Amino acid sequence: MYKEIYKLIKKYDSIVIARHVGVDPDAYGSQVALKEIILNTFPNKKVYAVGSGSARFRFIGELDKVDSEIYKQSLLIVLDTPIKKRIDIESIDFFPVIMKIDHHPFDEVFGECEWIDDKASSACQMIYQLCDNSKLKLNKFAAERLFIGIIADTNRFLFDYSSPYTLRIVADIIEKYNINISELYSSLYMRNISELKLQGFISQNMKITENGFGYILITDEMIKQYGVDAASAGNMVNNFTYVDELIAWATFSEDIKQDLVRVSIRSRGPVINEVASKYGGGGHKLASGIKLDSFDNAEEIINSLDNICKEYKESQKQ
């Protein structure tokens, strides 16, 4: 697989790198890192990282605006995205060849070349693994972005898919590229007061059912009131991992610019990705997402996830 991926990258002079809507540090970091890695290996290629950005994660790198005419002669590499609906690009139909690199459980085929490893902690881990097993050249800038993505997607190694291999990769990155951990952690976790206030609002207003499912609907009006962007609001879902009364929880964040509602779901036991898949989303068993056109299906999704929590609690009593 590594040779096949390397040969395709080597073949195309123009490459577009995309990832899922609702950008997070792993998707963003793997995207920017892979662009840097390809240019470091093949300086004469044209490589574009595309999609909607986030003010919160702008420190990771710049994104590109690309005319769709370029697509027709480019290889498309889609990172960290299991299904077509969640790719943050206007259309994938322009591209002659599509490559998918993803660490989510398999959902659907949409590329001629697909590398899926649902045991990997993150897309960033897979990009490091690709470099380690091919002639692609990693440098310090790219290594820092891979570090950020791994740290974020494992929640600082708190999630159970943080394997010994994951820890070895991080150790290698720190040792080989002499990265400043303190600076990277500061960039990743520093919050402004607006985000802190919104987090307080979410904490105070999250509804929790008797089955241990928590949820909140975050409207565009709320996002504007607190002066944050939709991606920042959605990523606050990770702040509730160790709340005793919750076994699963979700944020429904309205994104007017993208004309969608982003649903971010997390769990400490109940399997949630089947519910996400039912509504056109997907992800891991304990971390999934859905893209909705509006809040219309919110109540139905909430009821489905609440039922999953109820079934899980009953199974634990047996």
Breaking point among (1) assigned by TED's automatic domain parsing to the domain that holds residue 294; (2) buried (at least 18 other Cβ atoms within 10 Å of the Cβ), for residue 173: (1)
With the condition kept exactly as written, say whether any residue in the stretch 124-137 is under 21 Å from residue 9 (Cβ atoms), under 13 Å from the mean Cα position of the chain (by Cα) and at pLDDT 95 or above. yes
Top-ranked residue in the stretch 108-160 [being touching a strand residue (DSSP E or B) at 6+ places or on another chain (Cβ under 6 Å) and within 22 Å of residue 238 (Cβ to Cβ); ranked as surrounded by the most Cβ atoms within 10 Å (Cβ to Cβ)]: 123
Within the stretch 218-244, the count of residues that are crowded, with 18+ Cβ neighbours inside 10 Å and more than 20 Å from the chain's Cα centre (by Cα) comes to 3
Mind listing whichever residues of the stretch 97-113 are among the charged types (D, E, K, R) and farther than 22 Å from residue 274 by Cα? 112
Of all helices (runs of 4 or more DSSP H) completely enclosed by the stretch 137-191, which ones contain at least 2 residues that are of a type in the set (Val, Ile, Thr)? 140-153, 164-177
Please name all residue pairs, on different chains or six or more residues apart, with Cβ atoms under 6 Å, provided the first residue is in the stretch 259-286 and is closer than 15 Å to residue 22 by Cα and the second residue is part of a loop (DSSP other than H, G, I, E, B) and hydrophobic (A, V, I, L, M, F, W, C). 261/295; 265/272; 282/83
Please give the number of the condition residue 283 fails out of (1) among the small types (Gly, Ala, Ser); (2) closer than 19 Å to residue 154 by Cα; (3) touching a Phe, Trp or Tyr at 6+ places or on another chain (Cβ under 9 Å). (3)
Looking at the stretch 227-239, I want the residues that are β-branched (Val, Ile, Thr) and have a partner that is in a helix (DSSP H, G or I) and modelled with pLDDT of 85 or more with Cβ atoms under 8 Å, at least 6 apart or on another chain. Which pairs are those? 228/194; 228/195; 228/198
Mind checking whether some residue in the stretch 298-307 is under 26 Å from residue 19 (Cα atoms) and of a type in the set (S, T, N, Q)? no
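The values are calculated or read from the model by the stated rules, or taken from the named source; none is laboratory data. As the structure is a computational prediction, the values presented were derived from the model and not from experiment. Cβ atoms come from the backbone with ideal geometry, glycine included; neighbour counts cover every protein chain shown.
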